[in-house]
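Before any comments, here is the structure.
Coordinate-derived values only; no laboratory data. In this text, all values refer to a predicted model and were calculated from it rather than measured experimentally. As a convention, Cβ positions derive from the backbone with ideal geometry for all residues, glycine included, and neighbour counts pool all protein chains shown.
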């Protein structure tokens, strides 16, 4: 989880600064919550806690970014829970997506950090 949070911070400090609330300076992150049964949560920069795997009872109403980043959040969640490489399995291209609107040098730097932590295979 710490590795994923570092990747999120790398994304937040580059390009369009996804995951960063520019008004408050707060960056989104993953955390575990719960006394007996620890459960993975995503803390959204604007909306607070978001269930990274919503059901019909727990929706993703508090997620403040778009579909590409929602897919990336799912990839990050699976990686945290399984340790398996999941980049892009939610159908949008993951960190290799060409539609982020980030400069290529920023995407290269983000991918380098993600590979360093095992999220991406080089």
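Legend: ranking of residues 36, 22 from fewest to most surrounding C-beta atoms inside 10 Å; resulting order 36, 22. Relative to the longest principal axis of the Cα atoms of the chain, the long axis of helix 67-82 makes an angle of roughly 70 degrees.
Distance from the Cα centroid of region 105-122 to that of region 1-53 is 18 Å (rounded to whole angstrom). The ranking of 117, 76, 32 by Cβ neighbour count inside 10 Å, starting from the fewest, reads 32, 117, 76.
Output the 0 to 90 degree angle, nearest 10, between the alpha-carbon long axis of helix 104-116 and the longest principal axis computed from the alpha carbons of the chain. The helix 104-116 is inclined about 60 degrees to the chain. Each Cα pair under 8 Å and six or more residues apart adds its sequence gap; the mean of these over the residue count of region 2-116 is a relative contact order of 20 percent. Modelled label positions at residue 13 and residue 1, each set 7 Å beyond Cα in the direction of Cβ, lie 2.2 nm from each other. Taking 31, 99, 62 in turn, the Gaussian network model of the chain (Cα-Cα springs below 10 Å) assigns the largest fluctuation to 99. When the chain is treated as a GNM, springs tying every alpha-carbon pair under 10 Å, which of 44, 23, 106 comes out with the largest mean-square fluctuation? Result: 23 has the largest fluctuation of those listed. Scan [x] 0.96; [y] 0.94; [z] 1.07 for the value of Rg/Rh (Cα atoms, Kirkwood Rh) calculated from this model and give just the label. Only one listed value fits the structure, namely [y].
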